[in-house]
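Colleague: Supplied in structure tokens, the structure appears directly below.
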Ligand code: NAD
Ligand code: WQD
């Protein structure tokens, strides 16, 4: 028997598609919504192949209250929403902040208004470790109680603003429950290699750049800085496997629908708890795949954080969830996905 229907906005995107797979495998029905601004309809076929059934899907722009509202007219049994739909390119947000304020804030406001009109109104919100900026050394690994820093980009500011909006709404509307999940660095692809990350143009993120270099699409990787105050001089992040991350969403939904949340507004860090440097990651990729990744040490990238990794103990304890896929398996999944989309045997 189904555990109920979950609305997934941004459902054909990178994290959304992996989450639909985990929700389906956990016994939920889904209705996915996307406007394909950063994904394409083929992703649905990949998801359907993995789960062995059709995905209910409606093409709609979450900023368009009327079009988005039609989803709720058609599906009157939505028990919770997971809100992935947003624009996420940090650099683009600096060049075009209004795109980010319009899309990320308007989508969230519309979703919250539509959800609060339901009997059950549980929302999982995709937030980011970017809200912590560069934590002081005494705050590493970073826990949920670490102070938030002024955002480095309009993108980051939209995440902070969305968290504030949701906190205010939970205070005002008694039927609303929210779980904000602060992701660290999601990487990898589903083990089937049927879905994965599809960056448009030159990847800004490290792992897609590595896999494209390994595939010969890029000549070499630039490692942005080896003169940071870290053991090998390169930046440190907490790389979390996307399927582990997807499972945390199922745990968050289970918790709210099972009334096990201790507050109507909760925040969790989602990471592995282990920091890894850029150079360590590149070497782990080469070890896991046996494929060489030519790289050069380049200058620092403007706005980069030196080091940040999660204290995920609250999520481990309260959600009964842990990101435990070995990094070699994660990097191999990213490579298998790259090979499939590049037609490499
Ligand atoms: P993604 O771009 O792959 O997925 C987002 C999806 O939302 C895309 O399919 C896009 O077409 C869709 N979308 C955007 N605006 C929309 C709108 N107005 N209406 C309907 N659909 C819309 O990104 P992702 O990596 O899967 O990220 C999902 C969420 O997680 C985002 O909110 C992002 O900010 C957040 N997040 C991502 C990361 C990361 O590194 N990938 C880290 C922290 C937080
Ligand atoms: C990781 C490390 C780079 C590319 C971004 C967003 C953040 C969050 C996650 C959404 C850094 C280095 C990268 C390259 C490199 N997203 N690097 N060469 O910067 O931690 O975070 O994605 O919320 O908001 O800012 O991720 O993958 O870009 O970089 O050396 O070609 O890899 O300097 O140290 P980042 P990333």
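Colleague: I'd like to check something: does the range 173-195 contain any residue that is in contact with a helix residue (DSSP H, G or I) (Cβ under 6 Å, 6 or more places away or on another chain), without any contact (Cβ under 8 Å) to a residue 24 or more places away in the chain and either assigned to a loop (DSSP other than H, G, I, E, B) or under 15 Å from residue 108 (Cα atoms) (or both)?
Modeller: No: zero hits.
Colleague: With part of a helix (DSSP H, G or I) and surrounded by fewer than 23 Cβ atoms within 10 Å (Cβ to Cβ) as the only criterion, which of 99, 54 stands out?
Modeller: So the residue among 99, 54 that is part of a helix (DSSP H, G or I) and surrounded by fewer than 23 Cβ atoms within 10 Å (Cβ to Cβ) is 99.
Colleague: Taking strands (runs of 3 or more DSSP E) that do not extend beyond the range 202-282, which have at least 2 residues that are in contact (Cβ under 8 Å) with a residue 40 or more places away in the chain and more than 23 Å from residue 140 (Cα to Cα)?
Modeller: 221-224
Colleague: Filter the range 8-46 for residues that are in contact with a strand residue (DSSP E or B) (Cβ under 8 Å, 6 or more places away or on another chain), closer than 25 Å to residue 200 by Cβ and in contact (Cβ under 8 Å) with a residue 60 or more places away in the chain and give the result.
Modeller: Answer for the range 8-46, where residues must be in contact with a strand residue (DSSP E or B) (Cβ under 8 Å, 6 or more places away or on another chain), closer than 25 Å to residue 200 by Cβ and in contact (Cβ under 8 Å) with a residue 60 or more places away in the chain: 8, 9, 10, 11, 13, 14, 15, 16, 19.
Colleague: For the condition assigned to a helix (DSSP H, G or I), more than 16 Å from ligand 1 (Cβ to nearest atom) and either at pLDDT 95 or above or surrounded by fewer than 17 Cβ atoms within 10 Å (Cβ to Cβ) (or both), what is the one hit in 169, 162?
Modeller: On the way: 162 fails: more than 16 Å from ligand 1 (Cβ to nearest atom).
Exactly one of 169, 162 is assigned to a helix (DSSP H, G or I), more than 16 Å from ligand 1 (Cβ to nearest atom) and either at pLDDT 95 or above or surrounded by fewer than 17 Cβ atoms within 10 Å (Cβ to Cβ) (or both), namely 169.
Colleague: While we're here: Quick check, is residue 335 in contact with a helix residue (DSSP H, G or I) (Cβ under 8 Å, 6 or more places away or on another chain), modelled with pLDDT of 95 or more, over 16 Å from residue 129 (Cα atoms) and not in a helix (DSSP H, G or I)?
Modeller: Values: in contact with a helix residue (DSSP H, G or I) (Cβ under 8 Å, 6 or more places away or on another chain): yes; modelled with pLDDT of 95 or more: yes; over 16 Å from residue 129 (Cα atoms): yes; not in a helix (DSSP H, G or I): no.
Criteria not met by residue 335.
Colleague: Inspect all residues belonging to the range 264-275 and state whether any of them is within 30 Å of residue 218 (Cβ to Cβ), surrounded by fewer than 18 Cβ atoms within 10 Å (Cβ to Cβ) and in contact with a helix residue (DSSP H, G or I) (Cβ under 8 Å, 6 or more places away or on another chain). Full working, then the answer.
Modeller: As a first pass, look at the range 264-275 and keep what is within 30 Å of residue 218 (Cβ to Cβ): 270-272, 274-275.
Add one more test, that the residue is surrounded by fewer than 18 Cβ atoms within 10 Å (Cβ to Cβ), and what stays is 274.
Subset that is in contact with a helix residue (DSSP H, G or I) (Cβ under 8 Å, 6 or more places away or on another chain): none.
Taking every residue of the range 264-275 in turn, none turns out to be within 30 Å of residue 218 (Cβ to Cβ), surrounded by fewer than 18 Cβ atoms within 10 Å (Cβ to Cβ) and in contact with a helix residue (DSSP H, G or I) (Cβ under 8 Å, 6 or more places away or on another chain).
Colleague: Looking at 282, 253, 291, 278, can you tell me which residue is away from ligand 2 (no atom under 16 Å from the Cβ), surrounded by 15 or more Cβ atoms within 10 Å (Cβ to Cβ) and more than 19 Å from the chain's Cα centre (by Cα)?
Modeller: On the way: 282 fails: away from ligand 2 (no atom under 16 Å from the Cβ); 253 fails: more than 19 Å from the chain's Cα centre (by Cα); 278 fails: away from ligand 2 (no atom under 16 Å from the Cβ).
Testing whether each residue is away from ligand 2 (no atom under 16 Å from the Cβ), surrounded by 15 or more Cβ atoms within 10 Å (Cβ to Cβ) and more than 19 Å from the chain's Cα centre (by Cα) leaves just 291.
Colleague: Among the numbered criteria (1) within 16 Å of ligand 1 (Cβ to nearest atom); (2) in contact with a strand residue (DSSP E or B) (Cβ under 8 Å, 6 or more places away or on another chain); (3) more than 30 Å from residue 21 (Cα to Cα), which single criterion is violated by residue 299?
Modeller: Among (1) within 16 Å of ligand 1 (Cβ to nearest atom); (2) in contact with a strand residue (DSSP E or B) (Cβ under 8 Å, 6 or more places away or on another chain); (3) more than 30 Å from residue 21 (Cα to Cα), the lone unmet condition for residue 299 is (1).
The values are calculated or read from the model by the stated rules, or taken from the named source; none is laboratory data. In this text, all values refer to a predicted model and were calculated from it rather than measured experimentally. Note that we place each Cβ from the backbone using ideal geometry, even for glycine, and neighbour counts take in every protein chain shown.
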